[in-house]
């Protein structure tokens, strides 16, 4: 028996991108964008719509990294407990950050519609599942604060009603953000690449950047194995895992980002009547543990089931080890799915900041946006547009401009401390 495909389901089932630039690099461009993920492609499209010449340089294939290797969720809300963030930063700042995440989901929907991208976008809502009875009490408090301060599009599912939402005895109630969405991220990403190329952006795949050098007369020399290009502005649109240890101008970012592996499996197509029983509303699902899981169904009736099965980086061996852990967890959570054939197993890197809030702005002349901390599908797309606005002279378009960004003590780029972090969170999940 053959094992699962060790590639992203989304990338494997997306159409090819056929709009890449032919030939060598142009000698100059207004803006060079490093990275053809959601940030870079969204920024490229927005800049071209403003008449700015754009060259996108991608080391691999368009959306081949985090943008095409995630769980396919597009959720409203922060990566935090909103009430805790409001208490720490104040209601105004926390509310602004929350609204930015809401606007990000709207941006994905708008861009898919405006560019005729068939990517299975829908808004089934996100259900956060209480993994322990005491977790439901926290969700109930969060619901009260959300309703009172920022978001009326939330619903609380009492423990006695959780069977109406999910066919598993493992959960004790939940909280629904009803406007959260899901989509086929591979189709969306390829659609965005084609939209940017049609608008005039030159997208060079398999063109890694090997150096970025400041020009004495202003602007930058961007060096690749295929030649050099002079750019007035540069946007760093890669994550911490893609900034390249050899690129000296990017070391500053690497000391502020922790890249953690997140691992995913996708089952064989399942009987729709079984899915109706287990997932009657076909929502996005996430569990309340620190080392929890996230999952959703697909239009071809698979279950995509992921999580930080191991606190490790993603590579082929690590992905397979993590996939076996996820398969066992899937069987415990949904006994009816125990033994189900797994067709895909893959991993990707999630870029975390210390406070799990994104960072964007300008450092030493380079523009950047990164650190989406698990909300990259929507936030990267949104921030590409926002950074395009910043780069044409509207700095107020950046919702994260007021955040400082200190380096992480002891972190020089390689996350040597991941096993310790994993052990800490496992203990927390046992105790709380």
Restricting attention to the stretch 14-48, which residues are in a strand (DSSP E or B) and within 12 Å of residue 62 (Cα to Cα)?
34
Please state which of the following conditions residue 168 fails to meet, knowing it meets all the rest: (1) within 23 Å of residue 383 (Cα to Cα); (2) touching a helix residue (DSSP H, G or I) at 6+ places or on another chain (Cβ under 7 Å); (3) part of a loop (DSSP other than H, G, I, E, B).
(1)
Does residue 280 count as surrounded by fewer than 23 Cβ atoms within 10 Å (Cβ to Cβ) and over 26 Å from residue 56 (Cβ atoms)?
yes
Looking at the structure I just gave you, is residue 51 at pLDDT below 95, assigned to a loop (DSSP other than H, G, I, E, B), surrounded by fewer than 21 Cβ atoms within 10 Å (Cβ to Cβ) and out of contact with any helix residue (DSSP H, G or I) (no Cβ under 8 Å at 6 or more places or on another chain)?
no
Whichever residue in the stretch 100-126 is touching a helix residue (DSSP H, G or I) at 6+ places or on another chain (Cβ under 9 Å) and assigned to a loop (DSSP other than H, G, I, E, B) and, among such residues, is farthest from residue 186 (Cα to Cα):
123
Got a sec? Which of 287, 267 is surrounded by 18 or more Cβ atoms within 10 Å (Cβ to Cβ) and under 28 Å from residue 139 (Cα atoms)?
287
Assuming residue 362 fulfils every condition listed in (1) in a strand (DSSP E or B); (2) modelled with pLDDT of 95 or more; (3) surrounded by 20 or more Cβ atoms within 10 Å (Cβ to Cβ) apart from one, which condition is it?
(3)
Condition test on residue 196, is it more than 18 Å from the chain's Cα centre (by Cα), modelled with pLDDT of 95 or more and over 30 Å from residue 65 (Cβ atoms)?
no
Pairs, please: C-beta under 7 Å, at least 6 apart or cross-chain, first residue more than 17 Å from residue 102 (Cα to Cα) and in the stretch 146-158, second assigned to a loop (DSSP other than H, G, I, E, B)?
157/165; 157/173; 158/173
Those residues that are touching a strand residue (DSSP E or B) at 6+ places or on another chain (Cβ under 7 Å), under 19 Å from residue 69 (Cα atoms), modelled with pLDDT of 95 or more and part of a loop (DSSP other than H, G, I, E, B), I need them from the stretch 274-322; list them, please.
298, 302
Filter the stretch 370-393 for residues that are surrounded by fewer than 24 Cβ atoms within 10 Å (Cβ to Cβ), free of Cβ contacts under 8 Å to residues at least 60 places away in the same chain and not in a loop (DSSP other than H, G, I, E, B) and give the result.
390
Total residues in the stretch 108-149, condition within 18 Å of residue 72 (Cβ to Cβ), out of contact with any strand residue (DSSP E or B) (no Cβ under 8 Å at 6 or more places or on another chain) and crowded, with 19+ Cβ neighbours inside 10 Å:
4
Scan the stretch 208-221 and tell me whether some residue there is in a loop (DSSP other than H, G, I, E, B) and in contact with a helix residue (DSSP H, G or I) (Cβ under 7 Å, 6 or more places away or on another chain).
no
Taking residue 185 as the residue in question, decide whether it is crowded, with 21+ Cβ neighbours inside 10 Å, without any contact (Cβ under 8 Å) to a residue 40 or more places away in the chain and in contact with a helix residue (DSSP H, G or I) (Cβ under 8 Å, 6 or more places away or on another chain).
no
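The values are calculated or read from the model by the stated rules, or taken from the named source; none is laboratory data. Just so it is clear, the model here is predicted, and its values are computed rather than measured. When we count neighbours, we look across all protein chains shown, and the Cβ atoms used for this are built from the backbone with ideal geometry, even at glycine.
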